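The values are calculated or read from the model by the stated rules, or taken from the named source; none is laboratory data. Given the structure is predicted, the values throughout are model-derived calculations rather than measurements. When we count neighbours, we look across all protein chains shown, and the Cβ atoms used for this are built from the backbone with ideal geometry, even at glycine. Calculation scope for accessible area: heavy atoms of the full protein, side chains included, ligands and nucleic acids excluded. Shrake-Rupley method; radii C 1.70, N 1.55, O 1.52, S 1.80 Å.
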Amino acid sequence: MINLARRFVKIVDTINYRIGRVVMYGIFVMVGVLLWSSISKTFFLPSLWTLEVAQFCMVAYYILGGPYSIQMGSNVRMDLFYGEWSDRRKAQIDCITVFFLITYLGIMLYGAWDSTAYSLQYNERSPTAWRPYLWPIKVTMCIGIFLMLLQAISELIKDIFKIKGVAL
């Protein structure tokens, strides 16, 4: 059972690390789109697509970067007491709080799945002048939330190992 947990943690951490390292450069894509938006509004005709593409890039950047952020421990914490605790105590508290995160992500995944199914079934489009299909970003959201859920479970396993004194 321990070896299975170790393999799960290794696979999930590897996938999320690699995706996170690629997605972090997505900020440059978004900046490029917004730069083009500014240039086109100043010198040419304004582009209809730039604002929505920038929003879609930001959603992908945020959602797909979330698991990497959790893995690296760069998510926001209330450090008033947490910073002074031992690693074992931090792991104990994290084991409790991760259940809230897992519950939240489970509910979000359920909602995202339903929304994506609706979007695919009815070819949902944005109500703007450009009218892009919404299913690609909704599929991206489902993937990102699922990866975040897997990463939360991976962190729970790591914390349990830390509490028990088992090397990962």
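Just checking the listed ones, Glu124, Glu52, Glu84: in the Gaussian network model of the chain with Cα springs under 10 Å, the one fluctuating most is Glu84.
For the listed peptides 156-162, 75-81, a ranking on the average number of other beta carbons within 10 Å per residue, highest first, reads 156-162, 75-81.
The range 2-26 and the range 115-159 have Cα centres lying 19 Å from one another.
When Leu150, Leu105, Leu34, Leu168 are compared by accessible area of protein heavy atoms, the largest-first order is Leu168, Leu34, Leu150, Leu105, using a 1.4 Å probe. In the elastic network of the chain, a GNM with C-alpha springs shorter than 10 Å, the most mobile of Val31, Val59, Val23 is Val31.
Think of a 1.4 Å ball rolled over the protein heavy atoms: the range 81-168 then has 62 Å² of accessible area per residue.
Taking the Cα centre of the chain as origin and assigning +1 to Lys and Arg Cβ atoms and -1 to Asp and Glu Cβ atoms, the resulting dipole is close to 400 debye. Placing unit charges on the Cβ atoms of the charged side chains and taking the dipole of the range 110-168 about its Cα centre, the candidate lying farthest along the positive direction among Gly165, Ala117, Ile145 is Gly165. Every helix of 4 or more DSSP H residues in the chain counts as -39500 (n - 2.57), and over all residues that averages to -27500 deg cm²/dmol at 222 nm.
In loop segments of the range 92-153 as defined by DSSP, the chymotrypsin sites (Phe, Trp or Tyr not before Pro) with at most 12 further C-beta atoms inside 10 Å of their C-beta are Tyr122. A probe of 1.4 angstrom, applied to the heavy atoms of all protein chains, finds Arg125 with accessible area near 90 square angstrom. Among the listed pairs Lys90/Lys164; Lys90/Lys158; Lys10/Lys138, give every one whose C-alpha distance is greater than 23 Å. Going by Cα-Cα distance, Lys10/Lys138 fall outside the 23 Å limit.
Placing dummy labels 7 Å off each Cα toward the beta-carbon, the span from Gln121 to Ile96 is 4.1 nm.
Over the chain, what is the relative contact order in whole percent, taking alpha-carbon pairs under 8 Å and six or more residues apart?
Contact order relative to length: 32 percent.
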